[in-house]
Amino acid sequence: MKLLVFFVASTAGLVAAIGVLVWTGSAGGAGGPARVQVTALEFEYRLSRQRVPEGRVLIELANFGQDEHDLALRRVGGTRTYSLAKTLPGRRRTASLRLLPGRYRLWCRLGDHRLRGMFADLRVTKRR
């Protein structure tokens, strides 16, 4: 019985370790783009991470609110605005962007959502 318990515990530990490796690999390592989920609620954005390395970044807008929301982002001091279209409650949209280092401002362009608190900042850092 002790051998079976050890085997089950070892297998669970291995599965957890693999899960951690897969999760950290998706954070923008050499194996792929960085990922940020922007959760939209009334009336706020919550980012899954505050910093990502420069380069290709997948940004997902996940609307968990009751109202329709969209997402715009622009590097502070920049002129180009990226956007994800209006997203219905319970839906998601993803954009693949190539971002330069700097601070990016994110906001909802619908109605008075930005004034009511739907904005956030994302830092894009230089790769080492």
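With the condition kept exactly as written, say whether any residue in the range 43-55 is modelled with pLDDT under 95, more than 16 Å from residue 96 (Cβ to Cβ), surrounded by 10 or more Cβ atoms within 10 Å (Cβ to Cβ) and not polar (S, T, N, Q). Explain how you work it out, then say what you get.
So in the range 43-55, the residues modelled with pLDDT under 95 come out as 43.
Next cut, more than 16 Å from residue 96 (Cβ to Cβ) only: 43.
Narrowing the set further to residues that are surrounded by 10 or more Cβ atoms within 10 Å (Cβ to Cβ) leaves 43.
Now restrict to residues that are not polar (S, T, N, Q): 43.
So far as the range 43-55 goes, yes, one or more of its residues are modelled with pLDDT under 95, more than 16 Å from residue 96 (Cβ to Cβ), surrounded by 10 or more Cβ atoms within 10 Å (Cβ to Cβ) and not polar (S, T, N, Q).
Go through the range 73-88 and give me each residue that's of a type in the set (D, E, K, R), within 19 Å of residue 123 (Cα to Cα) and in a strand (DSSP E or B).
Once the filter is applied, which keeps residues that are of a type in the set (D, E, K, R), within 19 Å of residue 123 (Cα to Cα) and in a strand (DSSP E or B), the range 73-88 yields 74, 75.
Among (1) under 17 Å from the mean Cα position of the chain (by Cα); (2) modelled with pLDDT under 95; (3) not charged (D, E, K, R), which single condition is residue 38 missing?
With (1) under 17 Å from the mean Cα position of the chain (by Cα); (2) modelled with pLDDT under 95; (3) not charged (D, E, K, R) applied to residue 38, the lone miss is (2).
The values are calculated or read from the model by the stated rules, or taken from the named source; none is laboratory data. Source: prediction; values computed, not measured. Please note: Cβ atoms are built from the backbone with ideal geometry, for glycine as well, and neighbour counts cover all protein chains shown.
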